[in-house]
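Enquirer: Okay, handing you the structure first.
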Amino acid sequence: MKNQCLISKAFIILQVLIVSFLLLSVNPASARLTAKANHDHITVDFFYHGSTVSVRGISDPDTDLIIKITSDEGHQTLREKGKVGGLLWMNVGELKIEHVPNVYFLHSTKNIEDILTQAQINKYVIGYSSLERHTEMNVSDEGEKSKWFNEFVKFKESSNLYATTAGKISLTEKDGVQNYYILTQWPFQAPPGQYTVTVYAVKDKKVVDTATSNVSVEQIGMVKSFANMAKNSAAEYGFISIIVALSTGFGVGLIFRKSGGAH
């Protein structure tokens, strides 16, 4: 009986030691992370001129954050123009880019290169340099790829579809939890579709946790009807467009005549 008691006590002590070891071996850098896009359903009507999207959540204190908002990867085509016969400007070639998002917004608490290793940057496709490595192009060498990718990014930035910022995420700490918030402008150029918001918690130059949310952009009302007509009934859409254009011109002409014309 005494031996059984000793064995039971030894077994309990062993269990306590195992649990203690497991608790001590948990990675202290693992961040608890949440993400919520406040304006997660954007509707497009005749009066739509863009919107705003805010992203907020919580993380462990002393973690840096990266917020990436992207569309699904797809195919992009840019047409190269040049002079033909020394006279006319025409399309002389096509640049095809694969595995690239149409929309790419990146926001971080600090410069990406200061908080992540290059290996982590490439692994999570964070920043333009890793996006370039991730994409494929119909070019002859890496030098050409780099040149044309930079031109592609300039084009996307001028269209308000690509952007990067550092230091614009607001951070506050309360009750041992770090709260973060950022308000971003959503461009009217972003087409309808589903967008993914990915938040990365970073510590010791590694991503220690991720959280995701979604933004949906949807056409409604007459805008949606006309878009569907343009896609499914091109002839009917073209006819209505001509009628609308003629009616608009006629109406403007009437207003102009009533106002007495130009002076």
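Only the coordinates and a few stated rules stand behind these numbers; no lab work does. Only a predicted model underlies this, so the values are computations on that prediction, with no experimental measurement involved.
Enquirer: Measure of size requested: the Rg and Dmax of region 75-206, with Cα atoms as the atom set and Å as the unit; please supply both.
Expert: 18.3, 72
Enquirer: Reachable aspartates and glutamates from Lys154, Cα under 19 Å, same-chain residues fewer than 8 places away excluded?
Expert: Of all the aspartates and glutamates, those that pass the test against Lys154 - Cα under 19 Å, at least 8 places apart if same chain - are Glu73, Glu80, Glu94, Glu98, Glu132, Glu136, Glu142, Glu144.
Enquirer: Using the structure shown, select from Lys145/Lys206; Lys36/Lys96; Lys36/Lys110; Lys96/Lys205 the pairs with a Cα to Cα distance greater than 25 angstrom.
Expert: Numbers: Lys145/Lys206 28 Å; Lys36/Lys96 34 Å; Lys36/Lys110 21 Å; Lys96/Lys205 34 Å.
Table pairs above 25 Å Cα-Cα are Lys145/Lys206; Lys36/Lys96; Lys96/Lys205.
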